[in-house]
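Read the structure below first, then the notes.
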Amino acid sequence: MDRKPRVLFLCTGNSARSQMAEALLRHHAGDRFEACSAGMQPKDFVNPFTLRVLNEIGIDTSTLHPKHTREFLGKASVVYAIPVCNRAEEACPRLFPFALHTLNWPIDDPAAAIGTDEERLNVFRTTRDTIDARVRQFLREEGR
């Protein structure tokens with residue numbers, strides 16, 4: 001049996017955007033792609049707002065945990081590397097010689113949002129919906 005193509009979502013902390021992308025791709029097409037995520041400076045835990053907004057729409061978050069890019073560099077074949085950082089972020093990974101294809105999805109970091117918990121939660125929801133739309137577009141473009 002052929003191995004599923006690995007998609008690696010990348011960002012700085014691997015606690016919000018890349019985790020959302022990993023979970024959403026796994027939800028929509030986990031039977032066709034191996035969804036992973038990693039960060040250059042991973043946080044100690046997935047942002048609680050990330051888990052909450054994914055759970056709100058019935059996405060399984062039980063396997064999500066922050067991972068460092070070194071877990072993948074030179075150790076795992078990656079068909080698609082997809083950085084989800086906003087281009088202004090200095091620590092966002094930029095070079096992916098280990099991937100067959102690199103796609104850039106610049107998305108603002110919801111963890112940088114300020115305001116009340118409800119206001120911040122709404123920013124996370126907007127980010128989740130933006131990433132969900134990008135994942136669905138990716139799947140349409142890949143014809144899978």
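The values are calculated or read from the model by the stated rules, or taken from the named source; none is laboratory data. Everything numeric in this text was worked out from a predicted model, so none of it was measured. FYI the Cβ positions are ideal-geometry reconstructions off the backbone, even for glycines, and counts take in every protein chain you see. Keep in mind that these areas ignore ligands, DNA and RNA; they rest on the heavy atoms of the full protein, side chains included. Shrake-Rupley method; radii C 1.70, N 1.55, O 1.52, S 1.80 Å.
For the reader, a short list of remarks on this structure follows.
- Out of 60, 44, 31, one residue alone is open to solvent by 40 Å² or more (accessible area, probe 1.4 Å), touching a Pro at 6+ places or on another chain (Cβ under 8 Å) and charged (D, E, K, R). It is 44.
- Residue in segment 82-90 that is modelled with pLDDT of 90 or more and open to solvent by 10 Å² or more (accessible area, probe 1.4 Å) present: no
- Selection of segment 63-80 for residues being closer than 17 Å to residue 44 by Cβ and surrounded by 13 or more Cβ atoms within 10 Å (Cβ to Cβ) yields 64, 65, 66, 67, 68, 69.
- Neighbours by Cβ (under 6 Å, 6+ apart or cross-chain): first from segment 48-73, closer than 11 Å to residue 128 by Cα; second open to solvent by less than 30 Å² (accessible area, probe 1.4 Å) and at pLDDT below 95: none
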